[in-house]
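Report on the following structure.
The values are calculated or read from the model by the stated rules, or taken from the named source; none is laboratory data. Please read all numbers here as calculations on a predicted model, not as lab measurements. Positions of Cβ are generated from backbone atoms using ideal geometry, with glycine treated the same way; all protein chains shown enter the neighbour counts.
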Amino acid sequence: MKNRENLIESTNRAGSRIASLDAWRGLIIVVMALDHANGLIARGKLAPEMWAGPFPDYGGDWLAFLTRWISHLAAPGFFFLMGAGAVLFAASRERAGWTRRRVSLQLAVRGGLLIAFQFTLENAAWRHGNSLDDVAYVGVLFGLGGVLIASAALIRLPMAALLTGSIALLLITEWMLPGSGFVSYPVWKLMLVWPGFADGWWSLYPIVPWLGVAGLGMAYARWLTQNRNRAVAATLPIGLAALTGFIALRVADGFGNIRSRQTTDAIGFLNAVKYPPAISFLLMTLGLGLLAAWVLSRRRVAGSPAARVLMVYGRVLLFFYLTHLWLYAQMGLWIDRSGTSLGVMYFWWFVGLAALYPACWAYGRFKRSRPAGSLWRFL
């Protein structure tokens, strides 16, 4: 007998889509937009949560902290869901008669386009909003693109190999970090291994640390293809276990945190290292993300207006991402170049989301009308 609370699927011409994953994508891109509105409109972001150098200190300002903290769901969710999406894409296309070589080539081309968009459209948007100096920024699109190219060669590994390799990468990330802090690293290390700065380069999303997160997503998708109901049901206990692990690591305040807690209050407890992602950071964010995915898979929630709005955003991630950057960058220039209060920023963040909704809905319809092999389906 099927579970009455089973996930709901939507179907397009390429096969089935898992609605709860689309809604999860929509949720994390909405909170990511809040963080970008904070930087481009309020000008309120502090130093990034780096493995070395100054660490953000909110001085007990909970609104400022939570505005930043909720956005942490985005990057781990993006990489996890990209890994999952690569496996589900391959399974769908191979059912439609594609060869493995064609699937891998499509993934590699998509990854290359993401990297190209990083150094053209995305970086230009940050510069337009006066939020990027004259440097080559190695941001999330670069990391996602590099990981997607790697995924083309990894998606057919068994689930056990994906899990083992991913956990190893996450452990190695902390072990590999130099003990001396920032020095002038070669550019290839900034792109592959260590976040940091070099002459003319600023890297936040090198490939290797985030490949482990994508590998976890690939393993999860492998489970979905084998037993979808069981995998979806397991997101709740797995999410709770991850949050328990986060609490244990933060209490121990040792390995797995990269840096010890900077303050003794609750903000210091939650304020973990993101660049590169500490194990404690990933347990917190992916744990919350998996709980959100489980909630969004419940029939009553999945059919709600809010979930349907999130799915509209979540099915056109790249289109939303590039469009919202330019929109909020221009808003920041129109409203007040010196920045606004958080309250004013929240208002304009919501206005931006409302403005993007019809464009995302229209593009989603256009995208679904394209042939399965069209790159328009990727944007």
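Among the residues of the range 199-220, just one is surrounded by fewer than 18 Cβ atoms within 10 Å (Cβ to Cβ) and without any contact (Cβ under 8 Å) to a residue 40 or more places away in the chain, namely Asp199.
Suppose the filter is assigned to a helix (DSSP H, G or I), in contact with a Leu (Cβ under 8 Å, 6 or more places away or on another chain), at negative phi and modelled with pLDDT under 95; does Val103 pass it? No.
Would you mind stating whether Leu144 is over 16 Å from the mean Cα position of the chain (by Cα) and under 25 Å from Pro277 (Cβ atoms)? No; evaluated as a whole, the condition is false for this residue.
When restricted to residues that are among the aromatic types (Phe, Trp, Tyr), part of a helix (DSSP H, G or I) and over 21 Å from the mean Cα position of the chain (by Cα), the range 48-93 contains 1. Across the range 37-82, which residue is farthest from Ile258 (Cα to Cα) among those that are among the charged types (D, E, K, R) and free of Cβ contacts under 8 Å to residues at least 60 places away in the same chain? For the range 37-82, the residue satisfying everything is Asp61.
Among the residues making up the range 106-137, a single one is β-branched (Val, Ile, Thr), modelled with pLDDT under 95 and under 25 Å from Ala86 (Cβ atoms): Val109.
Going through (1) surrounded by 14 or more Cβ atoms within 10 Å (Cβ to Cβ); (2) more than 19 Å from the chain's Cα centre (by Cα); (3) part of a helix (DSSP H, G or I); (4) touching a residue at least 40 places away in the same chain (Cβ under 8 Å) one by one, Met191 falls short only on (2).
One line per residue, one yes/no per condition, for (1) over 18 Å from the mean Cα position of the chain (by Cα); (2) part of a loop (DSSP other than H, G, I, E, B); (3) buried (at least 17 other Cβ atoms within 10 Å of the Cβ); (4) not β-branched (Val, Ile, Thr):
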site	(1), (2), (3), (4)
Ala241	yes, no, no, yes
Phe246	yes, no, yes, yes
Val251	yes, no, no, no
Gly254	yes, yes, no, yes
Thr263	yes, yes, no, no
Pro277	no, yes, yes, yes
Leu286	no, no, yes, yes
Trp294	no, no, yes, yes
